[in-house]
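What follows is one structure encoded as structure tokens, with my remarks underneath.
Please treat every number below as a calculation from the coordinates, not as lab data. No experiment lies behind these values; they were computed from the predicted model shown. Counting neighbours? That spans all protein chains shown, and the Cβs are built from the backbone with ideal geometry, glycine included.
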Amino acid sequence: MPVAKRETSDGRVIAHVDMDCFYVQVEQRKQPNLRGLPTAVIQYNSFKGGALIAVSYEARNFGVKRSMRGDEAKDVCPQIHLVQVPVARGKADLNSYRNAGSEVVSILSKKGRCERASIDEVYLDLTDAAETMLLEMPPEAREDIEEEVLKSHVLGLEIKEGSDAKEEVRKWIRRGDATYQDKLLACGAFIVANLRMQVLKDTEFTCSAGIAHNKMLAKLASGMNKPAQQTVVPQSSVGGLLESLPIKKMKQLGGKLGSSLQSDLGCKTVGDLLQFSEEKLQQCYGINTGTWLWNIARGINGEEVEGRLLPKSHGSGKTFPGPQALKTLASVQHWLNELCEELSERLQSDLNQNKRIAHTLTLHARAYKKGESDSLRKFPSKSCPLRYGTTKIQEDALTLFQAALREFLGFCNSKTHGNENNNWGVTSLSVSASKIVPIPSGTHSIVKYFGGQVPSSSSFNQPLGNAFDEAVPSSPSGSENCSGLISYELQQNYPEGDTEIKNSEACLHEQDPLCNLSRKVDSSLKESSLESPAGSEHRTTKSEPYRDLPAKDHRPLSSTPSLKAVEKKKTAGNNLKGNYSIMDFFNNYQNSQSSLEHKNVTNAHDVKTASSFGLPSTMDSYSTCNQIEQPAERCREEIDSNVGECSVPNMSQRRQAWDYNIDEIDHSVIEELPPEIQQEFQAWLRPHKRPNVPNSKRGSSITHYFLPDKSR
Ligand code: DCP
């Protein structure tokens, strides 16, 4: 949902830089003989010559479009060069494109705050650099203006027939009566032109850019003059730009909201929105969206450029169109394994290179169910805490898929499942890792993960910093949380599959392992379904008694989307920061949990419900209870019988009391931690190590988390 943000009244210079036919340029750099020739990058699919995903401007001149297949492209442009996207694990390998994007980002980020918005686009806040330039060398004082600056397009600048466009731009840049904002934009034109030239010099890639006073306008402008050009949006031209801009062209209006504006309010262009009052738009679309619409009609957008050079999430996906749809659990598992392997590699390299860890694993899929009118209904996205290690990610992704499939199909014993084969087909699969946070550097990090109080003999007695918010894992909100780079990749960059796994067909009847597993997962879901707030998309399904569940399936699963719940959860957790995050962190690395743990572990829905009644959520209770020196069973009784016993106001007190014996820590659990944390952990443990501590001394609540897992 769009978020309305007030715009600062100070002048700003924001640029949106977008690479030109990016994958083609990357391939042309690999094969310089293709430069200047009509070229397209295709996915490796053999059907009608594969799908085009990037088309060079030379090929576009012949009428080649991205929507075409290779054969069609050859029809309209017989001399076109079709380059296949690199392939790994039977799917497109985008690493070379990602790395090329990173090269560009490292150049662009030198001049101001930089936000990597997708694999090939970046926002820059150049306000400071423009202000400095304005002070040191104002545009009107410039005699020599680089060609690249003069080639800028300035919206609203009238270029009379026969006049020299570059001369007009020079005049616009140097005019004495320019507003302060326009002077800043003129400086922005210099800075961006220089950056683009630098990118070309260092990477051999061309890019285009939009320069405006906010992100929305900069993004609109960057696509107006491509390739290798830049467009400036002076404040005075905003009205004219939006007046003729088709509603669907505006970011965030391409979907249902845009359609509703067209059909319900009769708006064809963004400018048409001007006739509606803010109140009217709020009545129709809610307070926030209404205000946002009122703002965009006037070109107002206060969104900040986030300083983010790394992706918000990682993902790996693949589509299986038409006859390639996956129809057996075995084939789904095969592809999930491939996707998870890739995801795991990327998580590992993010950890190694950037010292970041991801907290949430999400599975998205598209599927159909044969012979039913609702066969197009959405396959639910599912998420759970992310455990590092390829096998664990694979296991968890499969469990998520099974839970989602079960929900998608309805009850396991419904008639449709008797005919076990070909009742369903999966046309796309993806796994993503989100909620990525940096591991704080140095020894401080381990303290952060431990929620404040570390053993008194340790040298890490400092209280927790504010890193706990970061470490709080939460349920992602489906695609909303997979925004930015990864959402783009997942939604648009799927290669098409050409492999059909002919393997043992999955069975969906009562005896089927999937049925059993799904039931188990449903049971775990039921825990939260019962408490789901009204309106939640979470679907309650038939469930087995909770006590029958094997520990393995007791990890929390949450149905997406649940943004609001996550927000609530954050609020509810404000007083609980440290305690909350450490428990979540270690839960992620536990292979199994006891029934008690399951009972207490929750998902966002639980949190929302509990919080809304002013009670600590079950998760809060979970954290709280395990931080005090009490036997776990006693604590559980307290949760069950009197939530107030484990209530929020006591948190700080209890946090102080949290302590445990080093010897109680099961080292096999530590081995599952990210290497960085392991190292610190080991260093931290060494001085305390005392062999042969009798079991009877193991009394603290932390034991609950670190005891060896007997089920393994
Ligand atoms: N991409 C893809 N599948 C899509 C759309 C894009 O794999 N459906 C990839 C290939 C593109 C890259 O993402 O090169 C960037 O996408 P853009 O939409 O920015 O398009 P291009 O950079 O190719 O061209 P343009 O110059 O029009 O921006």
#### Entry: Using a Förster distance of 25 Å, the FRET efficiency for residue 136-residue 159 (Cβ separation, nearest 0.05)
0.25
### Query
In percent, what relative contact order does the stretch 99-297 have, based on Cα pairs under 8 Å that are 6 or more apart in sequence?
15
### Query
Alpha carbon centre of the stretch 308-327 versus the stretch 24-100: separation in Å?
19
### Summary
Contact order relative to length for the stretch 22-88, counting C-alpha pairs under 8 Å separated by 6 or more residues, stands in percent at 33
### Query
Once the other residues with Cβ under 11 Å from the Cβ of residue 200 are scored (Lys, Arg +1; Asp, Glu -1), what is the net sum?
-2
### Message
Within 10 Å of each candidate Cβ there may be at most 15 other Cβ atoms; applying that plus a DSSP loop requirement, which trypsin sites (Lys or Arg not before Pro) in the stretch 329-412 survive?
### Response
355, 370, 377, 378
### Summary
Mean shadow area (nm²) of the C-alpha convex hull around the stretch 22-88 is 4.1
### Task
Would you mind putting 140-148, 85-93 in packing order, based on average other-beta-carbon counts within 10 Å, highest first?
85-93, 140-148
## Note on the structure
Going from the fewest other Cβ atoms within 10 Å to the most, one would list 155, 185, 293 as 155, 293, 185
### Task
Determine the alpha carbon to alpha carbon distance for each of 65/91; 215/251; 65/251; 219/251; 110/201; 111/435 and list only those over 18 Å.
65/91; 65/251; 111/435
### Query
Classify the stretch 99-297: rounded, prolate or oblate, from the alpha-carbon gyration tensor (a ≥ b ≥ c, eigenvalue square roots; a/c under 1.5 rounded; otherwise prolate if a/b is larger than b/c)?
prolate
### Task
For residue 279 and residue 197, compute 0.36 nm times the residue count separating them, minus their Cα-Cα distance, and round to one decimal in nm.
24.9 nm
### Query
Local charge sum around residue 144 (other residues, Cβ-Cβ under 12 Å, Lys/Arg +1, Asp/Glu -1)?
0
### Summary
Label model pair residue 264, residue 377: point-to-point distance (7 angstrom along the Cα→beta-carbon line) in nm is 2.4
### Query
What FRET efficiency do you get for residue 166 and residue 391 if R0 is 60 Å and r is their Cβ-Cβ distance, rounded to the nearest 0.05?
0.45
### Query
Going by how many other beta carbons lie within 10 Å of each one, how would you line up 216, 197, 133, fewest first?
197, 133, 216
### Query
Can you put 53, 287, 42 in order, fewest other beta carbons within 10 Å first?
287, 53, 42
### Message
For the stretch 220-322, which trypsin sites (Lys or Arg not before Pro) pass both filters: DSSP loop (anything but H, G, I, E, B) and at most 14 other C-beta atoms within 10 Å?
### Response
251, 268
### Query
Between residue 366 and residue 62, what length in nm is gained on full extension when 0.36 nm per residue of separation is reduced by their alpha carbon distance?
106.0 nm
